[in-house]
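These notes concern the structure reproduced below.
The values are calculated or read from the model by the stated rules, or taken from the named source; none is laboratory data. Everything numeric in this text was worked out from a predicted model, so none of it was measured. No Cβ is skipped: glycine too gets one built from the backbone with ideal geometry, and neighbour counts run over all protein chains shown.
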Ligand code: ATP
Ligand code: MG
Ligand code: MG
């Protein structure tokens, strides 16, 4: 195996490990009781990372980057990675999303359960399990004079926050006593105030140049049922308050997030310091590190916009094969290994950049090339009739032809199919008058039908509209592939085909990019305006007989055409449905 290229996160972890920065973390004990915690054994995991999605949508290719990064670092440094639901926002969350997220992470090849010497060291976590602790932490901040209940209106709060050019203005509620704040906070908790009537704010500095430190809101009122805690709470912690606490309670060492959160880091550290001071959390605290999010050309990676595509019917669902969701990519024919390879290749930096879509497709081709069984399929079929078949071979006879399942893996065996008087070929493999450099069928030209015989084209029959109804050719005797002397006649063209006798009709879905612009939503552009109206075309193709009975999800290289997958949901024995995952060559520039 090649040595993994280093990156700034690996360097940080390696340096931390060398300097034992996170070595003194105790494990077990009561979460949120620092003294009790410190009495527990040392954490056997040298590093702890986490993947913390909010269960408010389906995971997409950007999340795959974060999953591969966090689970991959844990694996490479002998640590663990927590699967955690950041489920602090009840209104947008749903169990449907919870299940789909777990499914996606597992499918990508990662596991959240870890054991060390027979003891569980990591499992599935959910932030809502810590609501009790978060509430206590908030009361502590109030008692210590670090938080206050603000009852300004949302508009007043916004106006008084100031902006980059001017400092904020202190709230008239800022100097309430801890006792008064505590009473108001409990009134919030007890449901005495309606949504929006008050928020709990950290008391930091309304003139801080970093606006995130201008007394950020840490708790708000939401009379909403939570998919996990039901109606236990009518106040919910804000993400910026909840997230550092989740990390600390789980003994996370390196809390890796995307660069949008860089400006939140000072608050993350502020909160850790306050709660360690108060004896609620143990030292050393986790540290936040940021990397640049994945931007992929022709792709949108915003859950909100992806939801819009689904809800407005621009695609057929979250798992539409044109969607950059993990379920969509899976259905399109992507393998977990291809997505892992992609994430490895793009690496991790702090630079703003766009990854070319061809990088994703290249990873799929590179993964499938050595794995996918080969098959012949005719996507735009026209009949080919061998006019001397009856005379040479006998009316009604068929001739069995064979080919390797995979050209480089003889151990995978061989496949067979029938050559006969009538065959299906690609409409584009015939021309009355050949363009320059065209070596396929035209009157008088000889080509090889791959794994079959050499034929000599006679011409084509047309209907009243000029549409070709059949191409006609003569079989050239003694040219069958794999027989002695088969190569005596040299031909420049080799074409693929499927026998009319044993070929099976299949629905084939040909996908193209969903957007016609490389950066569909950059700069606030209306991404719907660049939806590609031709992102899906469905054809009736003919495929090799063996494909009719393949398993849903099976991947193939259709020779000359690309990689295809039997649709996970719609493919059935006797009713084959294939999706084109990717063409054989990079065609983005076409
Ligand atoms: P979205 O913006 O699509 O709603 P999000 O960031 O709100 O995504 P979360 O569920 O909060 O989604 O994300 C879980 C993790 O995935 C976070 O750590 C986040 O940083 C990471 N992540 C999300 N989008 C990307 C991306 N495009 N590239 C890399 N990591 C991402
Ligand atoms: Mg989020
Ligand atoms: Mg987001």
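Values as computed for the structure displayed
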item	result
Residue that is nearest to ligand 1 (Cβ to nearest atom), among those in the stretch 259-287 that are outside any helix (DSSP H, G or I) and farther than 19 Å from residue 43 by Cβ	278
Selection within the stretch 64-84 - within 15 Å of ligand 3 (Cβ to nearest atom) and either more than 24 Å from residue 330 (Cα to Cα) or surrounded by fewer than 24 Cβ atoms within 10 Å (Cβ to Cβ) (or both)	66
Positions within the stretch 34-58 being more than 8 Å from ligand 1 (Cβ to nearest atom) and out of contact with any strand residue (DSSP E or B) (no Cβ under 9 Å at 6 or more places or on another chain), in sequence order	34, 35, 36, 46
Scope the stretch 45-63; condition away from ligand 3 (no atom under 14 Å from the Cβ) and assigned to a loop (DSSP other than H, G, I, E, B); matching residues	45, 46, 47
Top-ranked residue of the stretch 64-84 - restricted to ones that are more than 17 Å from the chain's Cα centre (by Cα) and in a strand (DSSP E or B), ranked as nearest to ligand 1 (Cβ to nearest atom)	84
Flag for residue 230 being surrounded by fewer than 16 Cβ atoms within 10 Å (Cβ to Cβ), without any contact (Cβ under 8 Å) to a residue 24 or more places away in the chain and at positive phi	yes
Sole residue being in the same structural domain as residue 469 (by TED's automatic domain parsing) and in contact with a helix residue (DSSP H, G or I) (Cβ under 7 Å, 6 or more places away or on another chain), chosen from 315, 327, 382, 348	382
Selection within the stretch 447-485 - out of contact with any helix residue (DSSP H, G or I) (no Cβ under 7 Å at 6 or more places or on another chain), outside any strand (DSSP E or B) and in contact (Cβ under 8 Å) with a residue 24 or more places away in the chain	450, 451, 452, 453, 476, 479, 480, 481, 482
Among (1) within 15 Å of ligand 1 (Cβ to nearest atom); (2) more than 17 Å from the chain's Cα centre (by Cα); (3) over 30 Å from residue 43 (Cα atoms), the one test that residue 313 misses	(1)
Every residue from the stretch 416-441 that is touching a strand residue (DSSP E or B) at 6+ places or on another chain (Cβ under 6 Å) and either farther than 22 Å from residue 487 by Cβ or part of a loop (DSSP other than H, G, I, E, B) (or both)	418, 420, 421, 422, 424, 426, 427, 430, 439, 440
Selection from the stretch 281-304 of residues that are buried (at least 20 other Cβ atoms within 10 Å of the Cβ), farther than 30 Å from residue 515 by Cα and out of contact with any strand residue (DSSP E or B) (no Cβ under 6 Å at 6 or more places or on another chain)	281, 282, 285
When residues of the stretch 293-319 are limited to those that are part of a loop (DSSP other than H, G, I, E, B) and within 16 Å of ligand 2 (Cβ to nearest atom), the one nearest to residue 243 (Cα to Cα)	293
Single condition residue 88 does not satisfy, out of (1) at pLDDT 95 or above; (2) under 14 Å from residue 219 (Cβ atoms); (3) assigned to a loop (DSSP other than H, G, I, E, B)	(1)
